[in-house]
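Below you'll find the structure, written out as structure tokens, and then a few comments.
The values are calculated or read from the model by the stated rules, or taken from the named source; none is laboratory data. It should be emphasised that the depicted structure is a prediction, and the values quoted were computed from it without experimental measurement. Here the Cβ positions follow ideal geometry from the backbone for every residue, glycine too, while neighbour counts run over all protein chains shown. Heavy atoms of the whole protein, side chains included, go into the accessibility calculation; ligands, DNA and RNA do not. Shrake-Rupley method; radii C 1.70, N 1.55, O 1.52, S 1.80 Å.
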Amino acid sequence: SDLFLSVSSSTVVESDVATGGWGLVSAFLAVLLALTGPLELREVKDSAGRKDSRQFLRLMIFGLMFGCGLAWFIVMQSMSKDVFIPIFVTAFSCMVMSTLGTVCAVMGYFLDTSEFGEVEQIANVWTVVAFPVFFVISSVSLSAHAHPFGIGGWASTYLSVCGLFAGAFCMLIRMRNEKTSSTRGYGNVGCIISWLCAIIVIYGRYGIAGVGVVGVTTVVGIPVSILATLCSSPILLLLEGESSSSSKHTHQRSSAKSKWHGLVLTKLTRRNWIAPVLIGTIGVFITASLYAIFLRGCGLSKFSFLFGTNDLITNQEDVFSHIFGSKRTTGVGALDDVATMAQKSVVHTKTMIAAARLSGSGIWTAKSIVGPFMHLLGLAATLPSLQFLVKHSWYGKAPLFGKVVLVLPLNILSIIVGRGIPSLVAAATIGLIGGTLQLTSIKN
């Protein structure tokens, strides 16, 4: 009977995942109809030159077929092992966001600059109203089957869908022939939203050091969260400055109906195109380090609305309970699977070392104030180098040679005293490598 139940349950899961394939079919059919003509996305005027009154209807049909189809595929791939209610609520929210996102992206690419105000209105509704509202609605699907930000969680699924369509909107806006300050500004907002969603999903899934996470947490000894942050940073390359395009098709006028033109980057040029990537990566590492020192373990995870009930870390014992699988301190059975890692002594030892270092770096989990103070000192030590690096990359003005030489060794100190926080070590490494490159450029 046990064998029958296991086989039948695996069959049900596989069938649920397979149903997500119909979403891809719907998206492919929408693209096919758009290319062949029935769902023409451009404005089609008759011989008399009258305005196309059915364009918005075709856009909505395309948005429903493509957006809902792709959202359904992602939801089923992510949450197929969950129960019906979380899947239904999350899928509904994701479908609404994906439909609006698809319509907004297509309109942003095809509409003329004189009509871009319609895109701005939809984008404002998507960002300011729909995004937080449907995030709250998705939180109703909170279940004990998965951590909200883990694999199969409602928050990670919702943010993945929103980030995907925000990135698509940014790319289509970037591909426009006619551009204004508004088109660039709204495209930049989509880029930032897409990048932020990716960062939140990464750190929600893997944390700062991967402690208490089931599965692979390091690659070649480097935490997955660090590598994923570096891999997601190229999203910021889609940011576009006002002087980045000198094409004759570029128009500097903006819609008179809009009072806000998005994120307008007047100082972003082709010379400092790498600066947003550097600034974003350093900002994430510093924020993660500050969180590990001041907030991790303070009890914020008790608010199940955001963190669920799977991460009750309030002291040092709770940190190690994720490794040994004890229910005494946390009372959570879902994380007890991490105890199976003890069967592999090497992995278990590495995880225990990471947990010990991480617990000693936070003011809420350390046994004494010495550990948090040393990590805070390490963070302060690397800030001057990072400041010089950011200013150099953005403004193009190199600092004085003596200043770089003076602060460069501080990064080595930061790496030594800040070993408990991987993001701090990563930030110090960037400061060390960047400072060395600065010295080379100044000499040349």
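Regarding SER114, is this residue out of contact with any Gly (no Cβ under 9 Å at 6 or more places or on another chain) and open to solvent by less than 10 Å² (accessible area, probe 1.4 Å)?
no
So, in region 126-138, of the ones that are open to solvent by 30 Å² or more (accessible area, probe 1.4 Å) and within 13 Å of VAL189 (Cβ to Cβ), which residue ends up farthest from the chain's Cα centre (by Cα)?
Result: VAL128.
With respect to LEU111, is the statement that it is closer than 21 Å to GLU178 by Cβ, over 22 Å from the mean Cα position of the chain (by Cα) and not aromatic (Phe, Trp, Tyr) true?
Yes; evaluated as a whole, the condition is true for this residue.
For region 139-152, state whether one or more residues are part of a helix (DSSP H, G or I) and open to solvent by 10 Å² or more (accessible area, probe 1.4 Å).
Yes, there is a match, as at least one residue in region 139-152 is part of a helix (DSSP H, G or I) and open to solvent by 10 Å² or more (accessible area, probe 1.4 Å).
What residue, of CYS162, CYS68, is part of a helix (DSSP H, G or I) and buried (at least 23 other Cβ atoms within 10 Å of the Cβ)?
CYS162
Could you pull out the residue among THR440, THR429 that is in a helix (DSSP H, G or I), closer than 22 Å to GLY207 by Cα and without any contact (Cβ under 8 Å) to a residue 24 or more places away in the chain?
Being in a helix (DSSP H, G or I), closer than 22 Å to GLY207 by Cα and without any contact (Cβ under 8 Å) to a residue 24 or more places away in the chain holds for just one of THR440, THR429, which is THR429.
Report, by residue number, each residue of region 255-277 that is within 14 Å of ASN188 (Cβ to Cβ) and at pLDDT below 85.
TRP260, HIS261
If the requirement is being closer than 16 Å to ILE293 by Cβ, modelled with pLDDT under 95 and part of a loop (DSSP other than H, G, I, E, B), which of these qualifies: GLY371, GLY420? Step through it out loud before you land on a result.
Working: GLY371 fails: part of a loop (DSSP other than H, G, I, E, B).
Every option except GLY420 fails the conditions.
Assess whether CYS94 counts as being open to solvent by less than 20 Å² (accessible area, probe 1.4 Å) and either at pLDDT 85 or above or basic (Lys, Arg) (or both). Walk me through how you get there before you give the answer.
Details: open to solvent by less than 20 Å² (accessible area, probe 1.4 Å): yes; either at pLDDT 85 or above or basic (Lys, Arg) (or both): yes.
It is true that CYS94 is open to solvent by less than 20 Å² (accessible area, probe 1.4 Å) and either at pLDDT 85 or above or basic (Lys, Arg) (or both).
Considering only region 398-411, state which residues are among the aliphatic types (A, V, I, L, M) and exposed (fewer than 14 other Cβ atoms within 10 Å of the Cβ).
LEU400, VAL405, LEU406
Please count how many residues of region 227-241 are more than 21 Å from GLY187 (Cα to Cα) and either surrounded by 22 or more Cβ atoms within 10 Å (Cβ to Cβ) or of a type in the set (Ser, Thr, Tyr) (or both).
Here the count works out to 1.
Output the residue which, of all residues in region 170-182 that are out of contact with any Phe, Trp or Tyr (no Cβ under 8 Å at 6 or more places or on another chain) and assigned to a helix (DSSP H, G or I), is least open to solvent (accessible area, probe 1.4 Å).
CYS170
How many residues are within 29 Å of GLY241 (Cα to Cα) and either open to solvent by 80 Å² or more (accessible area, probe 1.4 Å) or in contact with a Lys or Arg (Cβ under 6 Å, 6 or more places away or on another chain) (or both) if we restrict to region 370-395?
Counting residues in region 370-395 that are within 29 Å of GLY241 (Cα to Cα) and either open to solvent by 80 Å² or more (accessible area, probe 1.4 Å) or in contact with a Lys or Arg (Cβ under 6 Å, 6 or more places away or on another chain) (or both) gives 3.
Evaluate the following for LEU227: is it at pLDDT 85 or above and in contact with a strand residue (DSSP E or B) (Cβ under 7 Å, 6 or more places away or on another chain)? Before the answer, list the steps.
Details: at pLDDT 85 or above: yes; in contact with a strand residue (DSSP E or B) (Cβ under 7 Å, 6 or more places away or on another chain): yes.
Against the criterion (at pLDDT 85 or above and in contact with a strand residue (DSSP E or B) (Cβ under 7 Å, 6 or more places away or on another chain)), LEU227 qualifies.
If ARG54 satisfies all but one of (1) open to solvent by 40 Å² or more (accessible area, probe 1.4 Å); (2) modelled with pLDDT of 85 or more, what's the number of the condition it fails?
(2)
How many residues does region 71-85 hold that are closer than 19 Å to ALA27 by Cα and either among the basic types (Lys, Arg) or open to solvent by less than 70 Å² (accessible area, probe 1.4 Å) (or both)?
6
Would you be able to say whether some residue in region 347-361 is assigned to a helix (DSSP H, G or I), open to solvent by 40 Å² or more (accessible area, probe 1.4 Å), touching a Gly at 6+ places or on another chain (Cβ under 8 Å) and modelled with pLDDT of 90 or more?
Looking through region 347-361, none of the residues is assigned to a helix (DSSP H, G or I), open to solvent by 40 Å² or more (accessible area, probe 1.4 Å), touching a Gly at 6+ places or on another chain (Cβ under 8 Å) and modelled with pLDDT of 90 or more.
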